[in-house]
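Here the structure comes first, spelled out in structure tokens, and everything after it is commentary.
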Amino acid sequence: MPVYQYECPNCKLQFEIKQSFKDKPIAVCPACSGSARRIFSPVPILFKGPGFYITDSRAEQKSKFDAMESGKKGREKGERGQS
């Protein structure tokens, strides 16, 4: 069951409650017995494995590009030297 965070608007107490997805988002403050409201927060996203970042594929492409460029420069030097 997920854990939800609540805040009481009367006494500003923040607390957590385990509730089912089917339960209504209603909670009672344990300090003042007032009604509390659910606090929404962003969910962390974890990307696992290769291919999720631009930099994952760029290093390989850059090394291929550098190898092609160095090959062209070597050929140009060889052609100039033979003339």
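None of the figures in this text is laboratory data; all of them are computed from the coordinates on show. Fair warning: this is a prediction, and the values are worked out from it, not measured in the lab. Quick reminder, even Gly has a Cβ in these numbers, built from the backbone with ideal geometry, and neighbours come from all protein chains shown.
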(message) Less than 9 Å Cβ to Cβ from Ala27, Lys/Arg counted +1 and Asp/Glu -1: what total charge do the surrounding residues give?
(response) +2
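Sort 35-41, 20-26, 5-11 by packing, meaning the average of other beta carbons within 10 Å per residue, with the highest value first.
So the peptides 35-41, 20-26, 5-11, ranked by packing, come out 5-11, 35-41, 20-26.
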(message) Once you place label points 7 Å from the Cα toward the Cβ at Ile45 and Glu16, how far apart are they in nm?
(response) 2.4 nm
